[in-house]
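Quick notes on the structure that follows.
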Amino acid sequence: MQMTGGQALARQLAAEGVTDLFGIPGVQLDWATDALNDVQPRIRFVVPRHEQAASYMADGYARTTGRPGVCMVVPGPGLLNALSGLATAYACSSPVLCIAGQIPSTAIGKGWGLLHEVSNQSGMLASVTKWSRLARTPAEVAALVHQAFVELRSGHPRPVGLEIPPDVLQARGDVSLLAAAVAPAPAAPPAAETATAAQWLREAGFPVVYAGGGVMAAGACEALRKLAEQLQAPVVMSDNGRGALSDRHPLALINLGGRVVLPHADVVLVVGSRFSNGMGRPHYDAPHARYIYLNIEAGDMADSRPDGLRLLADARTGLEALADELGPVQRPLRHAQVAAVRAWCNEQIAWIEPQRSYLQVLRESIPDDGVLVSELTQVGYAAHFGYPVHRARTLITPGYQGTLGYGFPTSLGVAIGNPGRVVVSINGDGGFGWGLQELATAARYRPNLVVVVFADQAFGNVRRMHNNAFQRETGTELHNPDFVKLADAFGLPGNRVDSPAGLRTALQSAIAGGGPALIEVAVSAMPSPWHLIYGFSKAPRPAPPNPLGEPAWMRATS
C-alpha cells in the first residue's frame, strides 16, 4: 500500500493497539501529526505544555495500565526536554516508546547548524532506552514501530526509541502494515538452578522473600503470594515493589521491616529487584543467609550484591517453577512474628509527624484501587514506608532516578490512562514548580485527579541538609504564587488548608467532585525520615523485636 512515512507511523501505532499518544507538534513532525487525523478516534493525541510532561505522562500511563506508553517530540531541544522522563521510566522498568523527530536525513551528523540540530542525538536517545533505531524509508517506519513493540513486550520492560527524519515522514512508498506484536513466551529459569534453589528453600528454617517492581512488571503478584504462603516466608517489598503483596496480607512487610527479619534469615529469595539502595549498597545484610536472585536482567544480580544462586528468568515463570519444584512443605505459621515486626515499624513511623497524619488522611480518602503518585517532598519521602498499599500499581515513585518535579505530570498520564480510578498527586512547592504549567493540561482534558501541594516556601529537604551539615543554607528559599488563585486562573477549583483535618475535608470533597482540583497545604519544617529509609542518621527506636525468639544475630541498626 502506498502511503507517507507519517501515515505509516500513525497506522502502525493503531495496529499495535495504541489508544493514547502524548506529544507536542512541531515542524519536523508535521507529516506525523497530520496523519493522526486518519486514525481518530482510535488514537487520541494528548498535548501537554512541555515535552518533559509528555514523557512523564507516558511513563505514568504505562506503569499503571500495564500497556506501553507512547510519547512524541521534536528533535534537539524537544528530545532533550523529554530525557528526564525517559530516564525515570528506565529506572522504574517502564515500557515507554519515545518517537523523536530528526533533522533531514542528508544532514544528520554534518554539523550544519540546522533548526533543532544537536550533536549525536541518536546517542542521547540510546542512553535512556534499551533499544533505539533511525528510520530511513516509509517502509522502515512501519517495520521499526512493530519491532519497537516487540522490544517493549520482551525481556526487561524499559523504554525504547525511534527517530524519524521529516523527509521520511513526508516521503511516499510501498508500506506493509504488520499485525500487533505478540509477547513471546516469558523466559523460564534453568532447571538445574531451579532445583537447587528449591532445595535451599525447602531446607530453610526462616526464608525471607525480597520483592521488587519486577514482580508487578511480570504480572507475578499471585505467584508471589502463593509461594510466600507455601514457605510461610515474610515478604519484604522494595519501594517500587509496594503492592506486589497487599499490606493487609499477614506476611507482608515494608522495606523498614527488612531490618528486622533479614538478619535472621537463612535463605533470602530476591525476586524482581536490584536489591540495591540509593547509595549503591545492598538494602540489608543477612549475615547467615544464602541468597537466591531471580531476575530478568543479569546485571541486576551481580556486582555489589552478596554472592548467591542466580536464576535468569521472568519473575512469574520463575516463581511458578520454584513453587512446582518445592511441592508440599510443612511450615509453622509466621503471622504472629510478622505482626510483631509490623507493630515495631508502626512505632518507628509514629515519630514522623506531621507526615504520618497526612499519610493517614491520604490512605483513608483514596480507594484501594486509587493511585497515589508520590514526589520528592517531605510527605512523599515518608510515603515510601508510611502509606499502606493494597493493590499493585497504586503507589508510583521515581525509583532510583529521584526526579524532582516528575510527580504532577506523571499523575496526568496515570489519570488519563485510568479514567475510572481516583488519582492523587502529592507535591512540594519546590517540585511542583517544575510543571505547574500543566494545570492547563488538567483543565483541558479534565482527568479525575486531585493535586495536593505541600507548601513550606522552600526546598525543605535541601534546607534541612544544609543546616545539618553547615549550620546555614544556600538557595533554598522559594517565592511562590498563590496556588489557589493559580488554579482558578486555569479554571480549576482550589482550596487552602493547614492541617491533616483540613486536608481530609478538602480531599474528600475534591474526590467526590470527580474532576481535576488543587489543594494547597501550608506546612512548616518536618522531621527527617532518612533513618527510616536508608538506615542512617539516628538509630530507630525502640529496639527491633527478635521475630524468632532466639539470640539476636543482627548488628546495630544505626
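Descriptive notes on the structure:
- Cα-based Rg of segment 158-283 normalised by 2.2 N^0.38 Å, two decimals: 1.48
- Where segment 84-161 is the region considered: accessible area per residue in Å², 1.4 Å probe: 36
- Here, segment 378-519 has an Rg and a Dmax of 15.4, 48 Å when only alpha carbons are counted.
- Diffusion coefficient, µm² s⁻¹, Stokes-Einstein with Kirkwood Rh over alpha-carbon pairs of the chain at 4 °C and 1.567 mPa s: 53
- Surface share of carbon and sulfur [accessible, 1.4 angstrom probe, percent] for segment 339-470: 53
- Percent of Cα pairs exceeding the 22 Å cut-off, where the set is segment 1-158: 36
- Rounded to whole Hz, the Karplus (6.51, -1.76, 1.60) HN-Hα couplings of segment 160-167, x for glycine and proline: 10, x, 9, 9, 9, x, x, 5
- Rounded to whole Hz, the Karplus (6.51, -1.76, 1.60) HN-Hα couplings of segment 218-230, x for glycine and proline: 8, x, 9, 4, 5, 5, 5, 4, 5, 5, 4, 5, 4
- Charge tally in the Cβ shell below 13 Å around TRP131, where Lys, Arg are +1 and Asp, Glu are -1, TRP131 excluded: +2
- Report note on the peptides 526-534, 185-193: ranked by the mean count of other C-beta atoms within 10 Å, highest first, their order is 526-534, 185-193.
- Share of Cα-Cα pairs in segment 407-454 lying beyond 12 Å, as whole percent: 56
- Global dimensions of segment 193-352 from alpha-carbon coordinates: Rg and Dmax equal 14.3, 45 Å.
- Global size of segment 28-90 as Cα Rg and Dmax, reported in angstrom: 12.1, 32
- Packing-based order for 124-134, 62-72, using average beta carbon neighbours within 10 Å, highest first: 62-72, 124-134
- A Förster radius of 30 Å combined with the Cβ-Cβ distance from ALA489 to VAL182 puts the calculated FRET efficiency at roughly 0.05.
- Evaluated at q = 0.13, 0.17 Å⁻¹, the base-10 log of the normalised Debye intensity for segment 343-432, with identical point scatterers placed on the Cα atoms, takes the values -0.40, -0.69.
- Solvent exposure of segment 440-509 as accessible area per residue, Å², 1.4 Å probe: 55
- The Cα center of segment 441-462 and the Cα center of segment 5-21 differ in position by 32 Å.
The values are calculated or read from the model by the stated rules, or taken from the named source; none is laboratory data. Quick caveat: nothing in here was measured; it's all calculated off a predicted structure. A quick note on method: Cβ atoms are made from the backbone with ideal geometry, for glycine too, and the neighbour counts reach across all protein chains shown. Heavy atoms of the whole protein, side chains included, go into the accessibility calculation; ligands, DNA and RNA do not. Shrake-Rupley method; radii C 1.70, N 1.55, O 1.52, S 1.80 Å.
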